[in-house]
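**Q** Here's a structure for you.
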Amino acid sequence: MSEDVVIVTGANNGIGLGLTKALAARGSRVAGLDLSVENLAGLNSFVCDVTDPRQVETVVASVIQTWGRIDILVNNACLAFYSPFEEKSIADTRREFEVNYYGYVNLIRVVLPYMKAEGRGVIHNFSSTVGTSGFAGIYGYASTKGAIEALSRTLALEFAAYGIVVNIIHPPLTRTRSSAPLGLPASLMADPDTVGRKLAAKIGSRKALITPGLAESVAVFMTRLLPEAMGSFLSQRAAAARKMASR
């Protein structure tokens with residue numbers, strides 16, 4: 001609904017920025033959270049490190065003070081380091097989990113009491129098909145997305161009694177900071193502003209799975225049906241594209 005109060009994390013760049021702008025344009029009361037907010041001029045924005053529970057509590061309290069409730073949470077903040085397993089530090093993997101998994105958990109824990117008090121709410125968690133299929137060179141990121149899939153389905157079961165929906169958003173491969181390390185040509189990736197605008201029309205949906213369109217829904221279906229084959233296909237295609245781009 002147009003007047004919903006929505007929190008979007010990772011709102012300063014990529015899909016999050018396009019999504020936040022589109023939601024605001026349709027009349028939603030949006031709070032955009034990120035480590036920096038220079039791209040969110042004119043919008044309601046908050047500097048917030050989602051890995052810091054105290055910062056999350058402070059920001060959510062400010063949103064409640066301003067609008068009195070939180071209808072929708074969109075967990076989008078993301079971090080990805082591209083590196084083969086043997087070359088990657090444990091510190092980098094822990095950082096990916098802090099942002100991509102515990103950042104989501106931190107927001108959910110804080111908004112949950114407010115949604116319970118209202119007897120309703122929607123929590124959207126951004127995921128990726130690589131959480132099911134795997135993808136060479138991004139074991140940390142892929143592992144966090146697999147964890148988000150399990151988290152979302154589990155919380156959907158637990159929170160249903162409170163009238164709260166928890167579901168998953170699957171965007172396509174998009175030109176964002178998290179995908180940049182893959183080294184793929186821009187032509188193979190979707191425009192983040194376009195993806196954000198398409199998803200804005202579906203924010204608040206109570207369906208278990210949300211995608212921008214049919215193609216993404218088919219990709220999710222095929223990945224769940226044939227995870228190993230899809231993981232191998234996508235990894236090989238990405239490697240070939242990087243090789244071609246380096247010539």
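**Q** Here are the criteria: (1) out of contact with any Lys or Arg (no Cβ under 7 Å at 6 or more places or on another chain); (2) at pLDDT 95 or above. Tell me which single one W67 does not satisfy.
**A** (1)
**Q** It is to be established whether one or more residues within segment 203-226 are assigned to a helix (DSSP H, G or I), in contact with a Leu (Cβ under 8 Å, 6 or more places away or on another chain) and either more than 28 Å from L35 (Cβ to Cβ) or of a type in the set (S, T, Y) (or both).
**A** Start the filter on segment 203-226 by keeping residues that are assigned to a helix (DSSP H, G or I), which leaves 214-225.
Checking which are in contact with a Leu (Cβ under 8 Å, 6 or more places away or on another chain) leaves us with 217, 220.
Now narrow it down to the ones that are either more than 28 Å from L35 (Cβ to Cβ) or of a type in the set (S, T, Y) (or both): 217, 220.
Within segment 203-226, one or more residues are assigned to a helix (DSSP H, G or I), in contact with a Leu (Cβ under 8 Å, 6 or more places away or on another chain) and either more than 28 Å from L35 (Cβ to Cβ) or of a type in the set (S, T, Y) (or both).
**Q** Same structure, new question: Among what's in segment 80-96 and is in contact with a Gly (Cβ under 6 Å, 6 or more places away or on another chain) and in a helix (DSSP H, G or I), pick the residue that is nearest to I7 (Cα to Cα).
**A** If we take residues in segment 80-96 being in contact with a Gly (Cβ under 6 Å, 6 or more places away or on another chain) and in a helix (DSSP H, G or I), then E96 is nearest to I7 (Cα to Cα).
**Q** Can you name the condition, by its number, that V99 falls short on among (1) of a type outside the set (S, T, N, Q); (2) more than 24 Å from T154 (Cβ to Cβ); (3) within 18 Å of the chain's Cα centre (by Cα); (4) in a helix (DSSP H, G or I)?
**A** That leaves (2) as the condition not met.
**Q** Any residue at all in segment 187-198 that's surrounded by 14 or more Cβ atoms within 10 Å (Cβ to Cβ), hydrophobic (A, V, I, L, M, F, W, C) and assigned to a helix (DSSP H, G or I)?
**A** Checked segment 187-198: at least one residue is surrounded by 14 or more Cβ atoms within 10 Å (Cβ to Cβ), hydrophobic (A, V, I, L, M, F, W, C) and assigned to a helix (DSSP H, G or I).
**Q** Considering every residue within segment 45-59, establish whether at least one is part of a loop (DSSP other than H, G, I, E, B), without any contact (Cβ under 8 Å) to a residue 24 or more places away in the chain and polar (S, T, N, Q).
**A** Among the residues of segment 45-59, not one is part of a loop (DSSP other than H, G, I, E, B), without any contact (Cβ under 8 Å) to a residue 24 or more places away in the chain and polar (S, T, N, Q), which makes the answer no.
**Q** From the set of residues in segment 1-12 that are assigned to a loop (DSSP other than H, G, I, E, B) and at pLDDT 95 or above, which is nearest to I70 (Cα to Cα)? Please lay out each step first, then the result.
**A** Here is the first cut: in segment 1-12, the residues assigned to a loop (DSSP other than H, G, I, E, B) are 1-4, 10-12.
Then keep just the ones that are at pLDDT 95 or above; that gives 4, 10-12.
On the way: D4: 8, G10: 17, A11: 17, N12: 20 Å.
So, considering only residues that are assigned to a loop (DSSP other than H, G, I, E, B) and at pLDDT 95 or above, the one nearest to I70 (Cα to Cα) is D4.
**Q** Closer than 16 Å to G10 by Cβ, assigned to a helix (DSSP H, G or I) and among the hydrophobic types (A, V, I, L, M, F, W, C): is that true of A77 in this structure? Even if it seems obvious, please write down each step before you answer.
**A** Working: closer than 16 Å to G10 by Cβ: yes; assigned to a helix (DSSP H, G or I): no; among the hydrophobic types (A, V, I, L, M, F, W, C): yes.
It is false that A77 is closer than 16 Å to G10 by Cβ, assigned to a helix (DSSP H, G or I) and among the hydrophobic types (A, V, I, L, M, F, W, C).
**Q** Answer yes or no: is there a residue in segment 25-44 that is part of a helix (DSSP H, G or I), modelled with pLDDT of 95 or more and in contact with a strand residue (DSSP E or B) (Cβ under 7 Å, 6 or more places away or on another chain).
**A** Looking through segment 25-44, at least one residue is part of a helix (DSSP H, G or I), modelled with pLDDT of 95 or more and in contact with a strand residue (DSSP E or B) (Cβ under 7 Å, 6 or more places away or on another chain).
**Q** Tell me which residues, restricted to segment 125-163, are over 15 Å from L209 (Cα atoms) and not in a helix (DSSP H, G or I). Steps first, please.
**A** Keep residues of segment 125-163 that are over 15 Å from L209 (Cα atoms), which gives 130, 133-144, 147, 158-163.
Hits for segment 125-163 are G134, F135, A136, G137, I138, G163.
The values are calculated or read from the model by the stated rules, or taken from the named source; none is laboratory data. The structure presented is a predicted model; accordingly, all values stated were derived computationally and were not measured. For neighbour counting, all protein chains shown are included, and Cβ atoms are generated from backbone atoms with ideal geometry for every residue, glycine included.
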